[in-house]
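The values are calculated or read from the model by the stated rules, or taken from the named source; none is laboratory data. Everything numeric here is computed off the predicted structure, so don't read it as measured data. Don't worry about glycine lacking a Cβ; one is built from the backbone with ideal geometry, like all the others, and counts go over all protein chains shown. Each accessible area value is taken on the protein alone, full model and side chains, heavy atoms only, with ligands, DNA and RNA left out. Shrake-Rupley method; radii C 1.70, N 1.55, O 1.52, S 1.80 Å.
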Amino acid sequence: MSEPVRQVRYQRPPGATELVLVRHGESAPAVQGESFQLVDGHGDPPLAPEGIEHAERVGERLAAEGGIDAVYVTTLRRTSETAAPFLRRLGDDAPPVSVEPDLREVHLGEWEGGVFRIKVLARDPVAVRMLAEERWDVIPGAEPADVFASRVKAAVQRLHAAHPDQRVAVFTHGGVIGRILSEATGARPFAFNNADNGSISHVVVAGDWWAVRRFNDTAHLETGFTARSAPLT
């Protein structure tokens, strides 16, 4: 009689890269008639007090789980501010940090600097159309959908080429996370655009083969959560 075969835990394919995608913590609120500071045309608000708490909890969880070989942030400070508590917890043992400009948020054209939030909350007709058509570029002057998709995909491919057989923490933005998971699954463009601030999503990349391991994990943000020293997979 043959030996029974047990189910086994997931194992990363040889040469693949795990991307632990962290959406930045909540950023400062938008105020009607005022604009966030712009960096290369993109709104660049700092973290709000709530976002600082999100960052601390992300840092606690990632530090306890371990296994991060490299860290990436974008050109926008809310990502580096979110990564800071994790790096501080590891001290001299922190992995190297790099900036990947092409993982910055989608450019929102005339709605940059905080206008986007105000327009969406007010159910502006253009915002309604944007959500219905699942296209950022319905907004006047916004980044074309194909350009955004191409730059995000190219950035992911660069990270994979640089980090085979490694796990990389990427502190990035909601639109970028949505784009990566859409690419991985073949889903609608906005199907994954609702990642919470401070959430963790997780994809595995091996060439043109991308797979989703989790989306919008917020367990560490819940009251009473205690980080455990266990790997992500």
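Surface composition of region 116-233: carbon and sulfur atoms hold 52% of the protein heavy-atom accessible area at a 1.4 Å probe.
Near Arg214, the amide H atoms lying under 5 Å from its own belong to His202; only residues 5 or more places off or on other chains count, and H is placed 1.01 Å from N. Applying both filters, DSSP loop and at most 10 other Cβ atoms within 10 Å, to the trypsin sites (Lys or Arg not before Pro) of region 46-134 gives Arg123. Calculated FRET efficiency, Glu222 to Val147, Cβ-Cβ distance, R0 = 30 Å: about 0.20 to the nearest 0.05. For GluC sites (Glu not before Pro), the sites in region 1-60 that DSSP calls loop and that have at most 12 other Cβ atoms within 10 Å are Glu34. When the inverse distances between all different Cα atoms of region 83-211 are averaged and flipped, the Kirkwood radius reads 16.1 angstrom. The 3J(HN,Hα) values that the Karplus relation (6.51, -1.76, 1.60; θ = phi - 60°) gives for region 29-39 are, in residue order, x, 7, 10, 3, x, 10, 10, 5, 4, 9, 10 Hz. Gly and Pro appear as x. Here r is the Cβ-Cβ distance between Gln32 and Asp196 and R0 is 41 Å; the resulting FRET efficiency, rounded to 0.05, is 0.95. List the relative contact order of region 6-129 as a percent without decimals, with contacts defined as Cα pairs under 8 Å and 6+ residues apart. This gives 27 percent for region 6-129. Legend: P(r) of region 100-147 from all alpha carbon pair distances, 5 Å bins from 0, whole percents, reading 5, 22, 31, 25, 10, 5, 1. Take 131-141, 171-181 and order them by the average number of nearby Cβ atoms within 10 Å per residue, most first; the result is 171-181, 131-141.
Value of Rg to Rh for the chain, rounded to two decimals, is 0.99; Kirkwood radius and Rg both from alpha-carbon coordinates. Extending 7 Å from Cα along the Cβ direction at Trp209 and again at Glu3 yields two label points whose distance is 2.5 nm. Taking every alpha-carbon pair under 8 Å whose residues sit at least 6 apart, the chain reaches a relative contact order of 30 percent. Surface analysis of the chain yields an accessible area of 50 Å² per residue, using protein heavy atoms and a 1.4 Å probe. Backbone geometry of region 101-114 corresponds, through the Karplus equation with coefficients 6.51, -1.76 and 1.60 at θ = phi - 60°, to 3J(HN,Hα) couplings of x, 6, 9, 5, 5, 4, 7, 9, x, 5, 9, 6, x, x Hz, x marking Gly and Pro. Per the Kirkwood formula applied to alpha carbons, region 1-139 shows a radius of gyration over Rh ratio, Rg over Rh, of 1.11.
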